[in-house]
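The values are calculated or read from the model by the stated rules, or taken from the named source; none is laboratory data. Only a predicted model underlies this, so the values are computations on that prediction, with no experimental measurement involved. Using ideal geometry, Cβ is built from the backbone for each residue, glycine included, and neighbour counts are taken over all protein chains shown.
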Amino acid sequence: MGRSMRLLLEYHRGLFWDQYLWNIFCNKILETERGISLIAYADDLAIVTRAKYKTELEDKTQHFRKLIMWKLAEMGILVTIKKLNWYYYLVEDRYKHVDYVTKINYILFKSLCDLLNATQIKIIRSDWGFSSKLPNDSYTKGLFGDIAFKRADISGTISFTPAYRLKYLKYIFAPLKNVAIKFIFRAPPLAYYSNLFTMPFNKVVWITIAGYVVLCGFIIKIIFSWEVKEEDFVAISRNNDENKPSTMDIVMMQMAIICQMDFYHEPKSLSGKMATFTLLICTTFLYTAFSARIVLLLQSNTNSIKTLETLYNAKLDFGVEDQSFNRHFFLEPSDRADEYWRNLIYETKIKSSKGDNFFPVSKGMQLVRDSYFAFNVEMNAANNVILNTFTNNQICTLRTVDTIYKTDNPHIFCHKRSPYMEMFIVGLRRLCENGIHDREHRNCITKQPICLGRGNIFVSVGLKEAYFSFMVFGIGLCLSLLIFIIELISAHHLRKNNNVIAF
């Protein structure tokens, strides 16, 4: 019989594989996405990222790494990355926003293992393992696959609790007190959705003002009609070269008083002067209140965006946090997601020819800060970025809307028939009773930043804010031209018939 031999051959880089790796694989990787700076030589690949903040730099690097990994996976290549700092993030308290859920669980499991006198054996996975191609729809990969096939005893990361997973899993403990995944955005200015010129007063006040002006105009018209019959007042009007005021003159006088302008006809009697003086005083107060309210409204933001429908119709750009569960719920139909809004938002707002709008937290929150952008994100990660990079005025404009899928309280889980189930449950409850869970939860959770009140800010008035005044001007100009044409035609027609017309 022949003897088998194990032969180890070593090829130095740049001698054998260089032309094949470079031509076949590296060119495809270099075309992954614009914005990624790559340095490639033979089988080495380095990612170069730039950012203003350290957290943003880390998030962008992880995002680009995932894109390259997915590109390689599409080409059938599996890569092992040796220098990852995931463990450093688990034990370092400064990075609260980086996988804080796993961080809480890691700390709790250390205490749980000490309590049970057990040894940890960590299994690191890059995904939960949502999809499966088996006929019985079981889990074969990821975190769920490890638990379902008993490669692991308990999960180190939480999961949502849909009913169909109970066939394989048993949910035993909820380490987070509340999990909020929402669309966060900066509310646009109020002028984008409302007419600022009608908002200073409510409907009842506007009707009251209109009634008051009409009443005063009617009284002044009666007084003017009486004055033209009195000889003393007629003599004064003759000396001032004043004509008898018509009804249109009275209307123009009322409009001039409302707009704080001068008017031509003035009453001569004491009663007429009192009526005009009262109208002047009242409109002055109303004009002051109107102007002050307009200045306040120019600095205000809309509060009308409270549902997915109003958010979708708000003409904002959309983005989603680059997480596995977000890709699962947005890319595929699910009984936990609103299918109508999932399909509509994904197809029209997120899907793009340049790549779907899945961003790391830092980049997504930067878009929220610098533009009108709605970002679907877990709120604790967003709160950390808001606290470090947003100003107080920007914090005051932030609004949230519930996401497209139902988020319940996620749980740690084990196998449905695990022999250690009772030990896990009792141990984790003891950690809660002793206050260890509450302490770690407080350390890892970033509270939502509070608006401390908006200071005086300069707001420039653009066409959006002033469009109503230009619209009134345009309508008035068009009406005046139309009436002028009608007058010309009427005058020409009457001149033909040898009639005299006076305007």
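Looking only at region 153-182, residues that are in a strand (DSSP E or B) and among the hydroxyl-bearing types (Ser, Thr, Tyr) come to 2 in all. A search for C-beta distances below 8 Å between a residue of region 157-178 that is among the aliphatic types (A, V, I, L, M) and surrounded by fewer than 16 Cβ atoms within 10 Å (Cβ to Cβ) and any residue that is assigned to a loop (DSSP other than H, G, I, E, B) and modelled with pLDDT of 80 or more, counting only pairs 6+ apart in sequence or on different chains, returns Leu166/Lys416. Scanning region 258-296 for residues that are more than 28 Å from Ser460 (Cα to Cα) and in contact (Cβ under 8 Å) with a residue 24 or more places away in the chain yields a count of 11.
Of the residues making up region 283-301, none is at pLDDT below 85, in contact with a Phe, Trp or Tyr (Cβ under 6 Å, 6 or more places away or on another chain) and outside any helix (DSSP H, G or I).
Residues that are within 25 Å of Ile404 (Cβ to Cβ) and either part of a loop (DSSP other than H, G, I, E, B) or at pLDDT 80 or above (or both): does region 188-204 have at least one? Within region 188-204, one or more residues are within 25 Å of Ile404 (Cβ to Cβ) and either part of a loop (DSSP other than H, G, I, E, B) or at pLDDT 80 or above (or both). Close Cβ contacts (under 9 Å, 6 or more residues apart or on different chains) running from residues in region 186-208 that are charged (D, E, K, R) to residues that are modelled with pLDDT under 85 comprise Arg186/Asn301. Go through Leu428, Leu481 for me and flag whichever is assigned by TED's automatic domain parsing to the domain that holds Leu108 and among the aliphatic types (A, V, I, L, M). The unique qualifying residue is Leu428.
Among the residues of region 158-187, just one is among the polar types (S, T, N, Q) and more than 18 Å from Met421 (Cβ to Cβ), namely Asn178. Is it the case that Thr446 is within 18 Å of Phe359 (Cα to Cα) and among the hydroxyl-bearing types (Ser, Thr, Tyr)? Judged against the criteria, Thr446 is not a match. For region 156-168, the criterion of being small (Gly, Ala, Ser) and at pLDDT 85 or above is satisfied by no residue at all.
Per-residue answers, yes or no, for (1) of a type in the set (Gly, Ala, Ser); (2) over 18 Å from the mean Cα position of the chain (by Cα); (3) in the same structural domain as Asp99 (by TED's automatic domain parsing):
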| residue | (1), (2), (3) |
| --- | --- |
| Ile257 | no, yes, no |
| Phe263 | no, yes, no |
| Ala275 | yes, yes, no |
| Cys282 | no, yes, no |
| Ser291 | yes, yes, no |
| Leu308 | no, no, no |
| Asp317 | no, no, no |
| Phe325 | no, yes, no |
